[in-house]
Amino acid sequence: MTKQHFEAIAQALAEGVLHKQFTDVSMEALVAEQKTIEGIAVALANQFEQFNPNFNRSKFLAVALA
């Protein structure tokens with residue numbers, strides 16, 4: 001995977017959270033969704049770090065969880 005792939009995945013995760021914030025959902029549902037996305041982002045960061053030693057984990061998580 002290239003840097004662009006990692007950035008696209010992080011951006012997709014971030015957009016999923018932002019989109020939900022502007023729809024009519026309960027606060028509990030929003031918090032649950034955010035925790036799920038955080039878990040997915042961390043799991044992906046763990047895997048990406050294993051197969052790419054140059055992977056920038058902190059940058060990926062900063063974009064994904066923005």
Could you list, in sequence order, the residues of the stretch 39-66 that are of a type in the set (Gly, Ala, Ser), more than 11 Å from residue 7 (Cα to Cα) and either surrounded by 15 or more Cβ atoms within 10 Å (Cβ to Cβ) or touching a residue at least 24 places away in the same chain (Cβ under 8 Å) (or both)?
41, 45, 66
Considering only residues that are surrounded by 14 or more Cβ atoms within 10 Å (Cβ to Cβ) and modelled with pLDDT of 80 or more, look in the stretch 9-32 and name the one that is farthest from the chain's Cα centre (by Cα).
9
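The values are calculated or read from the model by the stated rules, or taken from the named source; none is laboratory data. Quantities reported herein were computed from a predicted structural model and do not represent experimental measurements. In this analysis, Cβ positions are derived from the backbone assuming ideal geometry, glycine residues included, and neighbour counts consider all displayed protein chains.
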